[in-house]
Amino acid sequence: MAGERYDQKAAAGLEGESIPGTELMTGDFARAGGSDKGSVLVPHPSNDPSEPLNWSLPWKLITAFSQLLYVWVLVCSALSLAPMFPFLGMQFHLGQQQLSLLTGLNVITLGFSNIFIVPLSNIFGRRPISIFFGLLVVLTNIWQALATTHSSFLAARACNGVVAATSETIMVQVIADMFFLHERGFWVGLYFTFYFSGAFLGPVMSGNIAAMHGWRSFFWLSVALALFVTLLLVVGFPETRWRRNPSDHTGSNSHLNNAGDPDTKLESEIHAEEAAGGQMVGKGKPSKSQWSPFQKPDSRWMTFVVRDVTTPFIVFFNPIVFWAALMLAGPANLLLVFNLTESGLFGSPAYGFSPGAVGNTNFAFFVGGIIGVLTAGPLSDWWARRATIKNNGIREAEMRLPALLPYCCFYLISHVVGAVGYQDLWHWPVIVVCGFGFCGLAVTSIPTIAIAYAVDCYKPISGEIMVVATVLKNGLGFCLSYWVFNVDAQRGWVAVYMTQFAVDMFPVLMTIPLYFFGKNLRRWTRNSDLHRMEALI
C-alpha cells in the first residue's frame, strides 16, 4: 500500500527483530516529504456499518463532542473551588489547610476511582456508565449546594470526585473505539484541551458567580450544566464499545470462529479478508442497539476485571510509562499549587483582589493552554517527520522528544516566577502572565508530547497509560494539599515552589537519557504481553 506503513521486520533493520515504536516508512513517504496520506488503517476495520471505526465523520463528531462537553462540565464543577475559599472559610470556619483539602480530597478520589470505572465501562459499555455517573454528578452537586456543615460538604466533595472520575478515562477509551491509530494523537490533544479548559475556566466562573450571587449559586449552575450534558449523552452519545477480532490488532493468523475458538487460517485467506475490510469506512452509522440505555454485559467480564485492575499496576513499573506519567503529573500539580494559593495571595491586603478578580486571573492559564495545544502536537509531529526523512525513512519513537525543549523552558520559568514572585510580592501582571500563563502552556504541551511518545511505544495500552498517569497525578496532588500551607507557614513560598521544582525537573532531566537509550528500553520489552493487550477489547 502506498503512503505510510509499518513493517516490523524491516523496521528492525540489521538486527532481525521487531521493536514496537520503530517504524519503517515507504519510499513514498520520503519522496513526499513525510506525507501521512495513505496511512494503513490500524485497527483494521470490518465492513459492518455499525462498527464505530466505520461511522461517518458527522456521527463521530457528534459522539466525540458530546463526550468532550461532558468532560468539560465535570472537571469545571469539580476543580473550581479556589476563588470561593474566602466564602467557604467564613461559612464553615476553616483554615487554609482545611480549605485546600476540599480540593485535595476531590482530586484523590478522581484519580483512584478510575481503577473500577475502566472495567465497568468495558463490561457494561461507555454509554450506560457515562449516563449513570452523569446523573450521580447531578446529585453530588445538589448535595454540595445544600451542605450546611463542613463534614457534609467534605463528604459531598469526596463523592463528587468518585463519580466525576469518568471525565479522566472514558473519553480516552472512546478515542480508541472510534479513531484509527494515526488519528488518535489529534483527539487526545483535543481531550486535554477540554479537560484542562474546565480546570482553567471553572475558577473564572466560580469566583464571579460567588462574588455576585453567593458560593451556593455556582453549584446550582453545576447542577444545571451536569444535567444538560447528561441529557446530551442520551441523545448524542451512542455506544462505542465494539468487540474486535484479535487479528485486527495483531495481524496474527489466529482468528476466532463463531464458537469463539481459535481458527487457524491460511495466509491467503487472511489477506483476502483484510482486503475486503475497510470498504465502509466513513459510510456507517450507529445501529439501534447502540442507542440502548443498557448494553448486554460482555461475557468476558471476569477477564476485564482481572486485566483492568492488574494491568495498571504492571504498567506502572515500566520506565517509559512511569516517565510519561510524571510528565503529566508535574505540570498538572504545578497548576494545582497555583490554584490552591491564588486566593490567599491575590486576596491579601498586598493586592486586594475580590474573589471575582481572583477568578479572572485564570484566563492566563486558558490562553497559555490554548497556545500549548495548538503548537505542541504539530511541532512534535514536524520534528519527528523531519528526523525520519534524515534517517532514511525509519522513524523512532524518541524522535518527537526534542520538541519538549521550548515548553520545558517556559515550565522552568513558571516555577521561578511562582517562588520569587509570591515571596517578594511582584507586580501581579508578571505573576499572572509568566507564572500562570506559562504554567497553562506547559500543562497542555508537555503531557501531549510525553503521552504521545508512550503511546507510540505501547499502542495497545493507551488506556492503561492514562490510568497510571491519572492515579499518579492525583495521588501527588492530594499530597500537595497537605503540605503546601504548612511549608509556606514555616519556610515561605520559595520553599514551596522550589520543592515542586525539584520534583518536576527530575522527569524533565530524564528526557535526555531517554532520548539516547529509549530504544534499548523498547527492545528489552518487545516480547511483553503489553503489546497484545488490545486484542482483549
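The values are calculated or read from the model by the stated rules, or taken from the named source; none is laboratory data. Keep in mind the model is a prediction, meaning the values are calculated, not measured. Positions of Cβ are generated from backbone atoms using ideal geometry, with glycine treated the same way; all protein chains shown enter the neighbour counts. In case anyone asks, the SASA skips ligands and DNA or RNA and just uses the protein heavy atoms, side chains included. Shrake-Rupley method; radii C 1.70, N 1.55, O 1.52, S 1.80 Å.
A few comments on the model shown:
- For the stretch 355-388, residues that are among the hydroxyl-bearing types (Ser, Thr, Tyr) and at pLDDT 90 or above total 1.
- When each of Phe87, Phe65, Phe116 is tested for being at pLDDT 95 or above, open to solvent by 10 Å² or more (accessible area, probe 1.4 Å) and assigned to a helix (DSSP H, G or I), the lone residue that passes is Phe65.
- Gly134 under 22 Å from Phe485 (Cβ atoms) and in a helix (DSSP H, G or I): no
- Scanning the stretch 199-232 for residues that are in contact with a Phe, Trp or Tyr (Cβ under 7 Å, 6 or more places away or on another chain) and surrounded by 23 or more Cβ atoms within 10 Å (Cβ to Cβ) gives Phe200, Ser206, Ile209, Ala210, Trp215, Val229.
- Residue satisfying condition, being of a type in the set (A, V, I, L, M) and under 18 Å from the mean Cα position of the chain (by Cα), within set Ile115, Ile142: Ile115
- Scanning the stretch 402-451 for residues that are β-branched (Val, Ile, Thr) and more than 29 Å from Pro319 (Cβ to Cβ) returns Val417, Val420, Val430, Ile431, Val432, Val433.
- Considered as a group, the residues in the stretch 29-58 that are at pLDDT below 80 and assigned to a helix (DSSP H, G or I) include one that is least open to solvent (accessible area, probe 1.4 Å), and that residue is Phe29.
- In the stretch 300-330, the residue that is nearest to Gly440 (Cα to Cα) out of those that are open to solvent by 20 Å² or more (accessible area, probe 1.4 Å) and part of a loop (DSSP other than H, G, I, E, B) is Phe317.
- Candidate set from the stretch 443-463 (those that are more than 11 Å from the chain's Cα centre (by Cα) and not aliphatic (A, V, I, L, M)); member that is modelled with the lowest pLDDT: Pro460
- Test: Arg400 is in contact with a strand residue (DSSP E or B) (Cβ under 8 Å, 6 or more places away or on another chain) and either surrounded by 16 or more Cβ atoms within 10 Å (Cβ to Cβ) or at pLDDT below 90 (or both): no
- Residue in the stretch 119-131 that is without any contact (Cβ under 8 Å) to a residue 40 or more places away in the chain, open to solvent by less than 10 Å² (accessible area, probe 1.4 Å) and either part of a helix (DSSP H, G or I) or of a type in the set (Ser, Thr, Tyr) (or both) present: no
- Flag for Val494 being of a type in the set (A, V, I, L, M), surrounded by 15 or more Cβ atoms within 10 Å (Cβ to Cβ), part of a helix (DSSP H, G or I) and modelled with pLDDT under 90: yes
- Put simply, of Phe436, Phe410 the only residue that is part of a helix (DSSP H, G or I), of a type outside the set (Gly, Ala, Ser), over 13 Å from Val337 (Cβ atoms) and touching a Phe, Trp or Tyr at 6+ places or on another chain (Cβ under 6 Å) is Phe410.
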